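> Below is one structure. I have some questions about it.
The values are calculated or read from the model by the stated rules, or taken from the named source; none is laboratory data. Given the structure is predicted, the values throughout are model-derived calculations rather than measurements. Cβ: placed from backbone, ideal geometry, glycine included. Neighbour counts: every protein chain shown. Keep in mind that these areas ignore ligands, DNA and RNA; they rest on the heavy atoms of the full protein, side chains included. Shrake-Rupley method; radii C 1.70, N 1.55, O 1.52, S 1.80 Å.
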Amino acid sequence: MTRAQRVLATAGVVAIGYALLFFSILPVPLLEPEAVDSILPVLPWWALVTFGAYCLGRLGWHVMTIRDCPEAYHELMSEISAAKNDLRAKGVTVD
């Protein structure tokens, strides 16, 4: 089973479970019906905001802890200088 199939299967199970709770087909234990009626409609938005906050935090963490690659830096700088020399040979002023 591929990752996409697992994600779709999990999302389908969660959506079916949410629909069963939202339409009161399955009762929610330990909560009053008024509380369930006020919580369930906003639950998808809460999940979306939580997922967005998680993604932003993860992105920020990986940007903050990015590893330096000195070999790639030197390779890129040599390619830039080679491109500048090539352009200078063709009569273009650079820099």
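> Consider only pairs whose beta carbons are under 8 Å apart and that are at least six residues apart or on different chains; among these, list those whose first residue lies in region 40-60 and is under 17 Å from G17 (Cβ atoms) and whose second residue is open to solvent by 80 Å² or more (accessible area, probe 1.4 Å) and assigned to a helix (DSSP H, G or I).
L40/F22; P41/F22
> Please find, among R67, R58, the residue that is within 30 Å of the chain's Cα centre (by Cα), of a type in the set (D, E, K, R) and in a loop (DSSP other than H, G, I, E, B).
One residue alone meets the criteria, R67.
> Let me ask you something else. In this structure, does Y18 turn out to be hydroxyl-bearing (S, T, Y), outside any loop (DSSP other than H, G, I, E, B) and touching a residue at least 12 places away in the same chain (Cβ under 8 Å)?
Values: hydroxyl-bearing (S, T, Y): yes; outside any loop (DSSP other than H, G, I, E, B): yes; touching a residue at least 12 places away in the same chain (Cβ under 8 Å): yes.
Criteria met by Y18.
> Provide a single number: the residues in region 23-50 that are open to solvent by 90 Å² or more (accessible area, probe 1.4 Å) and either β-branched (V, I, T) or under 17 Å from A11 (Cα atoms) (or both).
5
> Does S81 count as of a type outside the set (V, I, T) and either in contact with an Asp or Glu (Cβ under 8 Å, 6 or more places away or on another chain) or under 22 Å from I16 (Cα atoms) (or both)?
Values: of a type outside the set (V, I, T): yes; either in contact with an Asp or Glu (Cβ under 8 Å, 6 or more places away or on another chain) or under 22 Å from I16 (Cα atoms) (or both): no.
No, not satisfied.
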